[in-house]
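Novice: Quick one: this structure, given as structure tokens, is what I'll be asking you about.
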Amino acid sequence: MLPITLFATLLPLLGFVLAQDGSLSGPTSTPGGSGYSCDTSSCKLPHCNCASPNPPGGLDPKDVPQFVTFTADDAVQSYTLDAVNQFLAQRKNPNGCPVKMTYFTSLNYTNYTLVTDWYVAGNEIADHTMTHVGTPPQDEINGNLIALNALAGIPLSSIIGFRAPYLNYTAETLGLLYNASFTYDSSSAASLPVTINGTDAYWPYTLDYGMANDCLSAPGVCNGQPKLPGFWEIPMYALFDERGQDGIHLMDPWLDTANGETAVNDSATLEYMKSTFTDHYNNNRQPFGLYTHPIHVSTTYPGSTASTSTINMINTFLDWAQEQSNVWIVSNEQLLAWVQNPVPLSQLDSFEPLKCTTPQVDSSLKICNGMPQNEAGLVEECPFPDFPFYTCYGCPTIAPTTDDPNPPQAPPTGQQIRTRLPANCSTPFWDPIGAKCICTSSTCQFTDESRPIGPNGANLTGGGTGSSPASASSSAAQFTPFNAAARLPDGMLPAAAVAVMGAIVSTWSIFGRV
């Protein structure tokens, strides 16, 4: 185990090393250079959609919501959820529902019970491989599915999305996802501004006619390949500073320098985030994405160097974006649900995927189910030396690996084996200790808490982090683990920090340098 002092000495490297995980040096496509052709007469929603910068379903952009997708990559720890929550915890969409996001989860150094908690809170959990490897083999992809289901209680039917570490994928990767019954990939870049002719900023599309993004960078894609009927690609939409295509930014844009400068300037970053958003909003309303590695903006792990100015800037941007009419912060899953069945703004009140529901579980019931009032004291600690974690579903005899992603349980003395989530019960209603589903009727499970959308689709709830950048950080709630033991003891290197170190090693091995 690395000591805190060694970890602290390596922190200055993080801004450079990990920024490479998803950074772009230039466009990954050329206008019209993909060899892509789609038959719109036979490619019809909800199962097929041609790559197009125009909104799906033939809708006029003025009748289309402006979606902002917020995603996070890598290990899930209290520190990373703190980081996400300082931006999202207090925000609501125009229908009064808390905003949701997508977490592309890799399992090394992940605390499984926090994955359960995050999922039960309504967020999307997606696949990012077990050990964070680019161009991943099948066991890395499928092992992650198995472990997330077994140890975090995420239904296999709910893990529908994938993002390749380092955005390093090939046509073969997409084929592996297709064969494993994933619904979508989100590893490709939309790297040409929405304002130019021949932009590759397509709305999510299916691969019935092949890929239309990353033709210059991903092996085996474009020119009609790979053909994967019904499998979706959700591009990652780049941001552009005042240099246009020469000033391209993708993941963690706040770590980049802007406009050719030599130092990070939060004001300049805010300006190009706003200008790129405005281009999307005023043109075809392609989704706008914020793609994050939360560890960079976490303030709650030892030795953190996260910039308060940068955190305030991101909240300022989100506050500003939510002041515009018809802006929705969503997960990839929610975005895709709308693309498959697009409805105009006038019908969003009745669009189920954007509504919010709460599981109806008696607060006095003791059940390890991902809900704070129920599971206190029931989460089991798995004290593996490399990365200890916690779970509701029983500690395995050995830590999960790609060779054995679901090892047998080793119940503590005097306790029974916990039962993993079955396919016919929803996570908040499954009792892994009593091995029973406490609610199987659709009429007793969830309560809809959404409210009518305000005039003109305006977000009447506002940004939710305060009226000024100075108040944004102080008013943002931290994520509180449902079991106090979910935070590692003082003096022990936090697993999130170890995850950062693992990422450094991985990056060294891929790039050959820092």
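The values are calculated or read from the model by the stated rules, or taken from the named source; none is laboratory data. Quick caveat: nothing in here was measured; it's all calculated off a predicted structure. Neighbour counts are summed over all protein chains in view; Cβ atoms, including those assigned to glycine, are modelled from backbone coordinates with ideal geometry. Accessible surface is based on the protein model in full, side chains and every heavy atom, while ligands, DNA and RNA are left aside. Shrake-Rupley method; radii C 1.70, N 1.55, O 1.52, S 1.80 Å.
Novice: Please pick out the residue among Gly35, Gly134, Gly57 that is touching a strand residue (DSSP E or B) at 6+ places or on another chain (Cβ under 8 Å), of a type outside the set (A, V, I, L, M, F, W, C), open to solvent by 10 Å² or more (accessible area, probe 1.4 Å) and over 30 Å from Thr447 (Cα atoms).
Specialist: Being touching a strand residue (DSSP E or B) at 6+ places or on another chain (Cβ under 8 Å), of a type outside the set (A, V, I, L, M, F, W, C), open to solvent by 10 Å² or more (accessible area, probe 1.4 Å) and over 30 Å from Thr447 (Cα atoms) holds for just one of Gly35, Gly134, Gly57, which is Gly35.
Novice: Can you tell me which residues in region 241-278 are of a type in the set (D, E, K, R) and in contact with a Gly (Cβ under 6 Å, 6 or more places away or on another chain)?
Specialist: Across region 241-278, the qualifying residue is only Asp241.
Matching residues to (1) closer than 19 Å to Met236 by Cα; (2) at pLDDT below 95; (3) among the basic types (Lys, Arg):
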| position | (1), (2), (3) |
| --- | --- |
| Ala89 | no, yes, no |
| Tyr112 | no, no, no |
| Asp127 | yes, no, no |
| Met130 | no, no, no |
| Ala152 | no, no, no |
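Novice: Given the residues Ser267, Ser188, Ser275, which is the only one that is within 25 Å of Ser37 (Cα to Cα) and either touching a Ser or Thr at 6+ places or on another chain (Cβ under 9 Å) or not charged (D, E, K, R) (or both)?
Specialist: Result of the check over Ser267, Ser188, Ser275: Ser188.
Novice: On to the next question. Need a quick list: strands (runs of 3 or more DSSP E) entirely within region 352-428 having at least 1 residues that are aromatic (Phe, Trp, Tyr) and closer than 18 Å to Gln77 by Cα.
Specialist: Correct list: 389-391.
Novice: Please work out which one of (1) at pLDDT 95 or above; (2) surrounded by fewer than 20 Cβ atoms within 10 Å (Cβ to Cβ) is the condition Asp73 fails and give its number.
Specialist: (2)
Condition check ((1) modelled with pLDDT under 95; (2) of a type in the set (Ser, Thr, Tyr); (3) touching a strand residue (DSSP E or B) at 6+ places or on another chain (Cβ under 6 Å); (4) part of a strand (DSSP E or B)) across all residues:
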position: Gly198; (1), (2), (3), (4): yes, no, no, no
position: Trp254; (1), (2), (3), (4): no, no, no, no
position: Val264; (1), (2), (3), (4): no, no, no, no
position: Lys274; (1), (2), (3), (4): no, no, no, no
position: Arg285; (1), (2), (3), (4): no, no, yes, no
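Novice: While we're here: Given the criterion under 30 Å from Tyr393 (Cβ atoms), open to solvent by 10 Å² or more (accessible area, probe 1.4 Å), out of contact with any Leu (no Cβ under 7 Å at 6 or more places or on another chain) and of a type in the set (D, E, K, R), identify the matching residue among Asp208, Asp139.
Specialist: Asp139
Novice: Taking only region 298-340 into account, find how many residues are in a helix (DSSP H, G or I) and under 20 Å from Met273 (Cβ atoms).
Specialist: Qualifying residue count, region 298-340: 17.
Novice: Which condition from (1) in contact (Cβ under 8 Å) with a residue 24 or more places away in the chain; (2) at negative phi; (3) charged (D, E, K, R) is the one that Asp74 breaks?
Specialist: The one condition Asp74 does not meet is (2).
Novice: Quick one: Asn144 ticks every box in (1) within 21 Å of Pro405 (Cβ to Cβ); (2) assigned to a loop (DSSP other than H, G, I, E, B); (3) open to solvent by less than 10 Å² (accessible area, probe 1.4 Å) except a single one, so which number is it?
Specialist: Every condition holds for Asn144 apart from (2).
Novice: Within region 284-298, is even one residue in contact with an Asp or Glu (Cβ under 7 Å, 6 or more places away or on another chain), under 19 Å from Leu24 (Cα atoms) and open to solvent by 10 Å² or more (accessible area, probe 1.4 Å)?
Specialist: yes
Novice: Same structure again: Determine which single condition Thr357 fails, assuming it passes every other condition in (1) more than 15 Å from Gly96 (Cβ to Cβ); (2) of a type in the set (S, T, N, Q); (3) open to solvent by 10 Å² or more (accessible area, probe 1.4 Å); (4) touching an Asp or Glu at 6+ places or on another chain (Cβ under 6 Å).
Specialist: Evaluating Thr357 over (1) more than 15 Å from Gly96 (Cβ to Cβ); (2) of a type in the set (S, T, N, Q); (3) open to solvent by 10 Å² or more (accessible area, probe 1.4 Å); (4) touching an Asp or Glu at 6+ places or on another chain (Cβ under 6 Å) leaves (1) as the failure.
Novice: Enumerate the pairs (first residue in region 105-122 and in contact (Cβ under 8 Å) with a residue 60 or more places away in the chain; second residue anywhere and among the basic types (Lys, Arg)) with beta-carbon separation below 8 Å, excluding pairs fewer than 6 apart on the same chain, so at least 6 apart or on different chains.
Specialist: From region 105-122, the pairs are Gly122/Lys100.
Novice: Just give me the residues in region 231-263 being charged (D, E, K, R) and free of Cβ contacts under 8 Å to residues at least 12 places away in the same chain, in sequence order.
Specialist: Matches in region 231-263: Glu261 only.
Novice: Report, ordered by the first and then the second residue, all pairs with beta carbons closer than 9 Å, sequence separation of six or more or different chains, a first member in region 32-54 that is closer than 24 Å to Phe288 by Cβ and at pLDDT below 95, and a second member that is surrounded by 15 or more Cβ atoms within 10 Å (Cβ to Cβ) and polar (S, T, N, Q).
Specialist: Ser34/Asn213
Novice: Mind checking which residues of region 264-278 are in contact (Cβ under 8 Å) with a residue 40 or more places away in the chain and either under 13 Å from Gln324 (Cα atoms) or in contact with an Asp or Glu (Cβ under 6 Å, 6 or more places away or on another chain) (or both)?
Specialist: Once the filter is applied, which keeps residues that are in contact (Cβ under 8 Å) with a residue 40 or more places away in the chain and either under 13 Å from Gln324 (Cα atoms) or in contact with an Asp or Glu (Cβ under 6 Å, 6 or more places away or on another chain) (or both), region 264-278 yields Lys274, Phe277.
Novice: Within region 160-189, work out how many residues are open to solvent by 10 Å² or more (accessible area, probe 1.4 Å) and either among the hydrophobic types (A, V, I, L, M, F, W, C) or more than 15 Å from Asp73 (Cβ to Cβ) (or both).
Specialist: Qualifying residue count, region 160-189: 13.
Novice: Can you list residue pairs whose Cβ atoms sit under 8 Å apart, with the first residue in region 180-206 being closer than 22 Å to Ser275 by Cα and the second being among the charged types (D, E, K, R) and open to solvent by 10 Å² or more (accessible area, probe 1.4 Å)? Count only pairs 6 or more apart in sequence or on different chains.
Specialist: Close Cβ pairs (under 8 Å, with a partner that is among the charged types (D, E, K, R) and open to solvent by 10 Å² or more (accessible area, probe 1.4 Å)) amount to Pro193/Asp279; Val194/Asp279; Thr195/Asp279.
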